[in-house]
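**Student:** Handing you this structure, nothing more for now.
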Amino acid sequence: MAEKTSVPGVCFPWEEKKKEYEEIKGDEEIVKTWWEQYDVHAYVHLWFCVIGL
Amino acid sequence: MNTKKITELLVELEEDKVYDAVDEAIAAGVSGREILKASQAAMATIGEMYKREEAFVADMMFAGEIMRNILTRIQPLLEKEGGKGATLGKAIIGTVKGDIHDLGKDVVMIALEGNGFEVIDLGVDVPPEKFVEALKNNPDAKVVGLSVFLTSAFPSTEKTVKAIADSGKRGQVKIMVGGAPVTEVVARETGCDYFAEDAAAGVSFTRSVYGV
Amino acid sequence: MAKSMEDLYQERMERYKKANRMEKPDKVPFRPFAAELAGKVAGYTAQQVTHDPDLGLDAVIKMCERVPGIDAAVVNMVYVNTSVTESYGLKYYRVPGIQLDADDSFQYMEPQNDEEAFMKVEDYERFIEDPNEFVMNVWLPRTSNYMVPPGEENTWKNNLAWMKNGIAIQQYFQKLGANVGRMRTDTGTVSAIAGALKAPFDILADKFRGFRGIAYDIRRCPEKVLKATEAIAPHMAWNCIATADPSRNVPCSHWMHRGATGFFSEEVFQKFYWPTLKQVTEQIWGAGIQTIYYAEGKWARNLKTFRELPDKSIIFHCDKDDIYEVKRVLGDKFPISGGVPNDMLAFGEPADVKKRVKQLIQDFGPDGGYILDAEAIMQQDVKVENFIAMGEACEEYGYI
């Protein structure tokens, strides 16, 4: 969880995650796509707890 | 000192100013009961405004909050004076079994107390036997108020009225019922005497039962 | 040749879509919002439909099979599954079969004061600055008996609660999706809604500050309340659009609460409730999604205000208002649903219900843009024979 992430649809932005890797040897897009895929699910999940439960 | 200012400021929900006015009155030697009377006059006015749709549930709740804080301020005086003084009568209220909504009940309580009635608050999810027990412990109570928010609690409303009848206390009291889904039909079908459309109607009904 | 379930489904979808878009369908669609009542039809207790996700969803399928003429239904009108909420120790529900009798409805326990509120008055700045951060780090731990906020000593129950919260909700959604499919293949019924919206002011009042809290805050710190509604609005819109029907066939639902006449003044409505709700509704409409304004209580005072919204952007569901007045004020701009009183469904007879349905269809059917439903969500107090009468009457008189 990023310290401040007031943007809808994002919990832990890719830009921040990317900094943890020294380098990405293969296709960065694959890593990014799947990072964001789970992150957006976490976001929807989080707000479902507020709106839907 | 004139306590009219307290009444006016409370009607306007001027929270800080009304506390200042109460503190001034206390300092000037006004009795706790006088301050209470002035505050109750304001609550009655807010109740009237509510009836005319000039005040709303949120205003009643906020007025109730201010009233509680005034009572805390004048409590030491009231204790010295032997309590709040005579009330207009007594009502027993609660949200029926199976229903835990308290907002409607609390608004009615604020309105009744503000108008000078004593209220026995049984809380929420109140089983029929608790109403019966409260009636036994308070034989001077002439009004029972049932609060219902869920349509699924209609049967429980009917059971409460029946339990009061079975206990032999039905003749002692008038039963009013209110809450978002309640209608004349619901009041009639569940055996209640009166459908209180809102808190102000609940106060008017209680006043009429007590003839005040 | 008999119609296949898929033919029936397509026919009902067409009908439902047309009515929602203010066109005249072949028949007035019957879209009952039935919660615990579905369980009653299926022979399940409130505990069974609320706590057991399989039975809860199965009840709706059985309801669609047994009650004639249902065009669209909601697979989870009992919107909280309490086995999910119990899995991570959610505090604010009273659960049938646990704290309540097995036949009572689940209920939300609203915070009584600032001490109990899941957001304290001093939390406004933090909430406004980053609602995401607040929900994750403050709100969720405060609403759970097990979750621990960052900085506090961790526990095994905390670790487990986060895991179970994820697993339980995920599983529940899988079941939900499967049952939406089952409703289509086994009963030919349309899933009536997808995606949920709450007015920013409502979410703040209900889940964060409580009604009492917000009633005091609009007097004591009005600017903070306003900023909080503005901070939360983009999240409401984003989540609604993300969870809406991708094919844009069915509307999302907006459960309206504290804006109703009686709770607050018109000034409060115009200042705190309406601006962000309008903004969010327009944003959702911009994404091609209609919103059902499920107007719990009375909203007569605000009907004219709703006219500010784009044509057809909402479907107005009428609860305690006079539906004829609603039709008069909004009928040229928005479709309307509702009309059968819940006290009639609970205490009346099938003949009364049929008479009422016939009248509603006669008065609103010919113009199109009318969807048959009860006034309020139907719970277990509704007599099953009256519910069936609603469906039968819609089949009998609904072809217009």
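The values are calculated or read from the model by the stated rules, or taken from the named source; none is laboratory data. Here the structure is a predicted model, which is why all the values come from computation and not from measurement. Don't worry about glycine lacking a Cβ; one is built from the backbone with ideal geometry, like all the others, and counts go over all protein chains shown.
**Student:** Being without any contact (Cβ under 8 Å) to a residue 60 or more places away in the chain, part of a loop (DSSP other than H, G, I, E, B) and over 28 Å from C:ILE214 (Cβ atoms): is that true of C:ILE70 here?
**Tutor:** It is false that C:ILE70 is without any contact (Cβ under 8 Å) to a residue 60 or more places away in the chain, part of a loop (DSSP other than H, G, I, E, B) and over 28 Å from C:ILE214 (Cβ atoms).
**Student:** Go through region C:266-286 residue by residue and tally those that are away from chain A (no Cβ under 14 Å), over 25 Å from C:VAL180 (Cα atoms) and surrounded by fewer than 18 Cβ atoms within 10 Å (Cβ to Cβ).
**Tutor:** Number satisfying all stated conditions: 8.
**Student:** Of the residues that make up region B:93-116, is at least one modelled with pLDDT of 95 or more, out of contact with any His (no Cβ under 8 Å at 6 or more places or on another chain), surrounded by fewer than 20 Cβ atoms within 10 Å (Cβ to Cβ) and not in a helix (DSSP H, G or I)?
**Tutor:** Checking region B:93-116: not a single residue is modelled with pLDDT of 95 or more, out of contact with any His (no Cβ under 8 Å at 6 or more places or on another chain), surrounded by fewer than 20 Cβ atoms within 10 Å (Cβ to Cβ) and not in a helix (DSSP H, G or I).
**Student:** When you scan region C:38-54, how many residues do you find that are among the hydrophobic types (A, V, I, L, M, F, W, C) and in contact with a Ser or Thr (Cβ under 9 Å, 6 or more places away or on another chain)?
**Tutor:** Final tally of qualifying residues: 1.
**Student:** Taking B:ASP121 and the conditions (1) within 14 Å of chain C (Cβ to nearest Cβ); (2) over 17 Å from B:GLY202 (Cβ atoms), which numbered condition does it fall short on, given that it satisfies the others?
**Tutor:** So the condition that B:ASP121 fails would be (2).
**Student:** Sticking with this structure for a sec: Evaluate region C:212-224: report whether one residue or more is within 14 Å of chain A (Cβ to nearest Cβ) and touching a residue at least 40 places away in the same chain (Cβ under 8 Å). Full working, then the answer.
**Tutor:** Start the filter on region C:212-224 by keeping residues that are within 14 Å of chain A (Cβ to nearest Cβ), which leaves none.
The answer is no; no qualifying residue exists.
**Student:** Looking at (1) within 14 Å of chain C (Cβ to nearest Cβ); (2) more than 23 Å from C:ASN165 (Cα to Cα), which is the one condition that is false for A:HIS41?
**Tutor:** Unmet condition: (2).
**Student:** Now, a different point. Which members of region B:12-30 meet the condition of being buried (at least 19 other Cβ atoms within 10 Å of the Cβ) and assigned to a helix (DSSP H, G or I)?
**Tutor:** Within region B:12-30, B:VAL18, B:ALA21, B:VAL22, B:ALA25 meet the criteria.
**Student:** Let me ask something else about it. Among what's in region C:103-135 and is aliphatic (A, V, I, L, M) and at pLDDT 95 or above, pick the residue that is nearest to A:SER6 (Cα to Cα).
**Tutor:** Result: C:ILE128.
**Student:** Then there's this: List the helices (runs of 4 or more DSSP H) that sit entirely inside region C:73-149 and contain at least 2 residues that are out of contact with any strand residue (DSSP E or B) (no Cβ under 9 Å at 6 or more places or on another chain) and within 16 Å of C:GLY210 (Cα to Cα).
**Tutor:** Result: C:124-129, C:140-143.
**Student:** Out of C:ILE361, C:ILE400, C:ILE371, I need the residue that is touching a helix residue (DSSP H, G or I) at 6+ places or on another chain (Cβ under 7 Å), more than 14 Å from every other protein chain (Cβ to nearest Cβ), among the aliphatic types (A, V, I, L, M) and buried (at least 23 other Cβ atoms within 10 Å of the Cβ). Which one?
**Tutor:** Just a single option satisfies the conditions, and that option is C:ILE371.
**Student:** For the list (1) more than 11 Å from every other protein chain (Cβ to nearest Cβ); (2) in contact with a Leu (Cβ under 9 Å, 6 or more places away or on another chain), I need the number of the one condition that C:VAL250 fails.
**Tutor:** Here C:VAL250 clears every test but (2).
**Student:** Quick one: count up the residues across region A:11-53 that are of a type in the set (A, V, I, L, M), more than 29 Å from C:ALA237 (Cβ to Cβ) and outside any helix (DSSP H, G or I).
**Tutor:** So the count comes out to 1.
**Student:** Kindly provide the set of residues from region B:117-129 that are of a type in the set (A, V, I, L, M) and either outside any loop (DSSP other than H, G, I, E, B) or in the same structural domain as B:ALA63 (by TED's automatic domain parsing) (or both), ordered by number.
**Tutor:** B:VAL119, B:ILE120, B:VAL126
**Student:** Go through the residues of region C:237-245 one by one and say whether even a single one is aromatic (Phe, Trp, Tyr), at the interface with another protein chain (Cβ under 10 Å from one of its Cβ atoms), crowded, with 17+ Cβ neighbours inside 10 Å and outside any helix (DSSP H, G or I).
**Tutor:** no
**Student:** Follow-up. Just to be sure before I move on: is B:ALA200 touching a residue at least 40 places away in the same chain (Cβ under 8 Å) and either among the basic types (Lys, Arg) or assigned to a helix (DSSP H, G or I) (or both) in the structure I sent?
**Tutor:** Criteria met by B:ALA200.
**Student:** Hey, can you tell me all the residues within region B:131-148 that are surrounded by fewer than 24 Cβ atoms within 10 Å (Cβ to Cβ), in contact with a strand residue (DSSP E or B) (Cβ under 7 Å, 6 or more places away or on another chain) and of a type outside the set (S, T, N, Q)? Explain how you work it out, then say what you get.
**Tutor:** Just the residues of region B:131-148 that are surrounded by fewer than 24 Cβ atoms within 10 Å (Cβ to Cβ), to begin with: B:132-142.
From the residues that got through so far, the ones that are in contact with a strand residue (DSSP E or B) (Cβ under 7 Å, 6 or more places away or on another chain) too are B:134-135, B:138, B:140-142.
Answer for region B:131-148, where residues must be surrounded by fewer than 24 Cβ atoms within 10 Å (Cβ to Cβ), in contact with a strand residue (DSSP E or B) (Cβ under 7 Å, 6 or more places away or on another chain) and of a type outside the set (S, T, N, Q): B:ALA134, B:LEU135, B:ASP140, B:ALA141, B:LYS142.
**Student:** If you don't mind, another one. Select from region A:11-37 the residues that are within 13 Å of the chain's Cα centre (by Cα) and either surrounded by 11 or more Cβ atoms within 10 Å (Cβ to Cβ) or facing another protein chain (nearest Cβ under 8 Å) (or both) and list them in ascending order.
**Tutor:** A:CYS11, A:PHE12, A:PRO13, A:TRP14, A:GLU16, A:LYS17, A:LYS18, A:VAL31, A:LYS32, A:THR33, A:TRP35, A:GLU36
**Student:** Here are some conditions: (1) free of Cβ contacts under 8 Å to residues at least 12 places away in the same chain; (2) assigned to a strand (DSSP E or B). C:TYR293 meets all but one. Which one does it not meet?
**Tutor:** For C:TYR293, the failing item is (1).
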